[in-house]
C-alpha cells in the first residue's frame, strides 16, 4: 500500500480526462501525476492516497517523453489554473484529446466506431477573444491575473499566451488608473472594495475591442481619465462598460451593465453573419475554431433547403443561424431568456426570417413541440457538460428526425448519450473531435446520427 510522501519509480502510460498523467505503481495502484507526458519515466512523490488510486507530483524527471516540448513558454504554467498542456508538443496534445474521445466511445458508449482525425487549431496561442481577470490587493499594488487551480488565489500574470497581446495593454492602462484614482480593490473575505474583475472582449474578425470593469458600485472615480487613456493606447477600442456585481458570489458578472464610452456592444463576424456581443452575451471564445466546428455541424446536417431544423440548447442562436439559409425553418430552444433575446436580435441583424426562438427548458420545449405536431427533419443538440436529459432523448427520438447532430463539450456524457440514442433507433455514423481550447484539457466533438427505424 502506498503512503503519503513515499517516492516511487513510475512510467506514464496514459492521460486522464483532466490532463494528468497516469501510471501504475508496483502494487498495481493507479497514480495520477499532473504536468507529465505519455512516455515519461519519473521519480514520483505521493501526495495523497485513496482506496483505489493515488496522486503524486514529479520529484525527478528521469527520462523525458518524446511528447515533451523543448521549452515551456509561459512562466505561470503550473501555477495558474488555465493551461494543462503547455509542456507537450501540440501534436501530442491533439493525440491525447483524440484518444480521450476514442476511449469514451468504446468504454462508455460501447461503440466500435473510430473517431475522425481531430480538427486542430492553426495556432495554439492567442486564440481567445475573451478574458476575465480577477483583481486583488498585492504586496506592491494591484494584483491582476488568473486564479490558481482549484482556488481563488490570484496569480499575477498580465500577458497570457492564450489571449491577444492587446489585453496586456488594457491591464497596464487599468493598473495606471487604479494608482491615479486610488481605486479600492475587491476583497472576497470582506466583500468590500470597488473593482472586482477586468473583463475584456475582442471581435476576432472585426478587431473591435470592449473593456468592461466589474464593480460593486456604478460610481467610479476619474472615468474621463480612464476612457481617454484607453482610447489613446487602443485604437480599436469601441466600448468601455461597467458591470455591477454587488453580490457575495463566485459568479463574475452581475445582471446590469452600462456604457462609459461607445456602444454597449461590439460586433464580430462568424460564418458570414454579424453578431452583437454585450458583456452578458455568450460567444465561443475561439472564433476561428467555432467557425470550423459550425461548418462541420452544417456538413453533418446535410440540409437541402426543405428541412425543418430544431436547435436545442441554442444559446444565442449561433449554430442554428449559421445554417438557417439552407433550411426551410429553424426553431431554437434555450432556457436562458437573455440568450434567447440575443438570438432573436441576431436573427434580425442578419435578416433571417425563417427562425423562431423559444425560451424554455429543452426537454419541456421539445415535448411541447411534439404536442404541436412539429416533426423536425434535423435536430441539433449542444448541451452543457452534463449532456442531455434522458427525457429529452426520449422526446427527440419520438419526433423521429432523420438526422441528429450532437455537439458536445464532454466526451463521457456524449458517449453515454450516443448509447441511449442507439437504444432508440439512432446509429452514430461519424464522430469528429475539434480542438476548441488548445493548451487546456477540454475537447469538443461533433457526432452525426441517423435514424435506422422507420
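All of the numbers you see were taken from the coordinates with simple rules; none came from a lab. Keep in mind that what you see is a predicted model, and the values were worked out from it rather than measured. Cβ placement follows ideal geometry from the backbone for every residue including glycine, while neighbour counts extend to all protein chains displayed.
Counting beta carbons within 10 Å around each of 224, 156 and listing the fewest first gives the order 224, 156.
Using a cutoff of 8 angstrom between alpha carbon atoms and counting only pairs six or more residues apart, the relative contact order for the stretch 7-63 works out to 33 percent. Simple spin-label estimate for residue 69 and residue 255 gives 4.2 nm between the two label positions (7 Å along the Cα-to-Cβ direction from each Cα). In whole Å, how far is the Cα centre of the stretch 199-222 from that of the stretch 306-320? Going from one Cα centre to the other spans 29 Å. In the chain, what % of DSSP beta bridges are antiparallel (nearest 5)? About 70 percent, rounded to the nearest 5.
For the chain, what relative contact order do you get, as a whole percent, if you take Cα pairs closer than 8 Å and at least 6 residues apart? Contact order relative to length: 12 percent. Figure legend: label point modelled 7 angstrom from the Cα of residue 304 along Cα→Cβ; residues of the stretch 392-415 with amide N under 14 Å from it are 402-403. Multiplying the residue separation of residue 179 and residue 263 by 0.36 nm and subtracting their alpha-carbon distance yields 27.6 nm.
Model label points for residue 295 and residue 132, set 7 angstrom from Cα along the Cα-to-Cβ axis, are 3.1 nm apart. In plain terms, the bigger the Kirkwood radius, the slower the diffusion; for the chain, with that radius from Cα pairs, at 10 °C and 1.306 mPa s, Stokes-Einstein puts D at 66 µm²/s. Here is how the number arises for the chain: DSSP H runs of 4 or more residues each give -39500 (n - 2.57), the sum is divided by the residue count, and the result at 222 nm is -7500 deg cm²/dmol.
Contact order, relative form, for the stretch 379-454: 34 percent (alpha carbon pairs under 8 Å, 6 or more residues apart, mean separation divided by residue count). Tell me, what is the FRET efficiency for residue 158 and residue 329 to the nearest 0.05, using R0 = 56 angstrom and their Cβ-Cβ distance as r? Approximately 0.70, to the nearest 0.05. The modelled label-to-label distance for the pair residue 375/residue 423, using points 7 Å beyond Cα in the direction of Cβ, is 2.6 nm. Where the centre of each part is set by its Cα atoms, how far does the stretch 368-444 sit from the stretch 29-105, in angstrom? The stretch 368-444 and the stretch 29-105 have Cα centres separated by 31 Å.
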